[in-house]
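Inspection log for the structure reproduced underneath, given as structure tokens.
Quick note: the coordinates plus some simple rules give every number you see, no bench work behind them. As the structure is a computational prediction, the values presented were derived from the model and not from experiment. In this analysis, Cβ positions are derived from the backbone assuming ideal geometry, glycine residues included, and neighbour counts consider all displayed protein chains.
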Amino acid sequence: MAVSKRLETFLAATTIADKFQPYHELNLETDTLTFYFRGDADYSKRLSDHVTLYLSVDKDELVGCRIKGISGILEDLPNYIDVTGDDGELQLSLVFLPFRGEVKQSEQRVLANLAKQARGQTIPRHLKPCGAS
Amino acid sequence: MTVQVSAKAGFVFAIFVDEYGNIDEWTWRQSTIGDPDRPDSVEGKLLWP
């Protein structure tokens, strides 16, 4: 089999997008939460002062987001919603709730989509520096 | 290994730094209409080009 044909076969069987696992990353230094639920090549688009969307380069579809000031949100949420749990974690989808009033009515569907994609993922209620117990 | 890719038309690669020069984020952004070197919806000072 020619090399190009073998490569074609290999690439067809190795679709990175199919194997992508949604993930999120909390960064204490930049006070941000980054969340990706799709593995497409992306670019960013600012939605509001605190929310940046990641959209696929090919189709302009939502693949993730970045939230600035995540520590303030984690600190403030318990004032409005009962987020207490034995495991010390809260649902990731809750962090999108405070921004509903910050974006235009037409863009609230985007936030709802992010919250839907984040369902089932949890984040720690308190941010700690790496290595802190 | 080095991978070189050209930018898609209408996009620029932006590296955001804070006031102390620490890198905050790097990402592709759409360019500003009429100024292809400037990323869209970015506040602050453009250091380069």
Considering each residue of the range B:20-47, count those that are under 19 Å from A:R46 (Cα atoms), within 11 Å of chain A (Cβ to nearest Cβ) and of a type outside the set (F, W, Y), and give that number.
12
Quick one: A:G39 ticks every box in (1) without any contact (Cβ under 8 Å) to a residue 24 or more places away in the chain; (2) touching a Phe, Trp or Tyr at 6+ places or on another chain (Cβ under 6 Å); (3) part of a loop (DSSP other than H, G, I, E, B) bar one, so which box is it?
(1)
Extreme residue, surrounded by the most Cβ atoms within 10 Å (Cβ to Cβ), among residues of the range A:17-51 that are polar (S, T, N, Q) and more than 10 Å from the chain's Cα centre (by Cα)
A:S44
Among the residues of the range A:48-76, write down those that are within 13 Å of another protein chain (Cβ to nearest Cβ), within 27 Å of B:V5 (Cα to Cα) and out of contact with any Ser or Thr (no Cβ under 6 Å at 6 or more places or on another chain).
A:L53, A:L55, A:S56, A:V57, A:D58, A:K59, A:D60, A:G64, A:C65
Return a yes/no flag: does the range B:10-19 have any residue that is facing chain A (nearest Cβ under 9 Å), farther than 21 Å from A:D42 by Cβ and in a loop (DSSP other than H, G, I, E, B).
yes
Pairing a residue in the range B:13-33 that is small (G, A, S) with any residue that is assigned to a loop (DSSP other than H, G, I, E, B), where Cβ atoms lie under 8 Å and the two sit 6 or more apart in sequence or on different chains, gives B:A14/B:V42; B:S31/B:G10; B:S31/B:D40
